[in-house]
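Engineer: Quick one: this structure, given as structure tokens, is what I'll be asking you about.
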Amino acid sequence: MSTSHSAAPPPDPGGRRGTPVGRRVLLGMVGLGAVGVVAGGPLQRLVSDSIDTVAEKDPTGLSNLLPGNRFRYYSVTSSVPERNETDYRLTVDGLVDKPVTYKLSDLAGLPQHRIVKDVQCVTGWRVPQTPFAGVRLSTLLDAAGVAPEGKAIRFTCFDGVYTESLTMEQARR
């Protein structure tokens, strides 16, 4: 009676054992990653725009459950007030010649601009390469006619908690 014994693989110096990955698998993964980097942004915009189109005609409100909705809202407050196209308002007032309040449809009718910037909070978290789209602040300031004595601008978020301010020079960048 004979028995065969197979030798165990040598121990991994890091204490981990796994299956080696072949060249084809590695190159395939690198290739798919490259396609994702190149096509990811345009595909995300296409999907987001498609969802927005559906959401505009959705009487049930169920499309609000889909990812990629128009607004992503980050907050440390316990509750966030609901806003939609009928009750959202943006007011530009203070030291201006023509105080104005915009509805979302008003803002959508103005020239749009897209940028990608990092978002960083004073508490330390950061979201790199965040896409933004909308009306330039300088466009809204020009339309309101900022008085010469206006040196800064103050923002108040509709949740009533967050505020921010910028010098006029910063606001026009």
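Engineer: Of all the residues that make up the stretch 136-152, how many are in a helix (DSSP H, G or I) and more than 11 Å from LEU95 (Cα to Cα)? Reasoning before the result, please.
Structural biologist: Filtering the stretch 136-152 down to residues in a helix (DSSP H, G or I) leaves 137-144.
Now narrow it down to the ones that are more than 11 Å from LEU95 (Cα to Cα): 137-140, 142-143.
Residues in the stretch 136-152 being in a helix (DSSP H, G or I) and more than 11 Å from LEU95 (Cα to Cα): 6 in total.
Engineer: Looking only at the stretch 82-135, filter to residues that are among the β-branched types (Val, Ile, Thr), under 21 Å from MET168 (Cα atoms) and outside any loop (DSSP other than H, G, I, E, B); which one of those is farthest from the chain's Cα centre (by Cα)? Please lay out each step first, then the result.
Structural biologist: Residues of the stretch 82-135 among the β-branched types (Val, Ile, Thr): 86, 91-92, 96, 100-101, 115-116, 119, 122-123, 127, 130, 135.
Next, from what is left, pick out any that are under 21 Å from MET168 (Cα atoms): 91-92, 96, 100-101, 115, 119, 135.
Imposing the further condition that a residue be outside any loop (DSSP other than H, G, I, E, B) reduces the set to 91-92, 96, 100-101, 115, 119.
Working: THR91: 23, VAL92: 24, VAL96: 30, VAL100: 26, THR101: 24, ILE115: 10, VAL119: 9 Å.
Among residues in the stretch 82-135 that are among the β-branched types (Val, Ile, Thr), under 21 Å from MET168 (Cα atoms) and outside any loop (DSSP other than H, G, I, E, B), the one farthest from the chain's Cα centre (by Cα) is VAL96.
Read the figures in this text as sums done on the coordinates, not as results from a lab. Everything numeric here is computed off the predicted structure, so don't read it as measured data.
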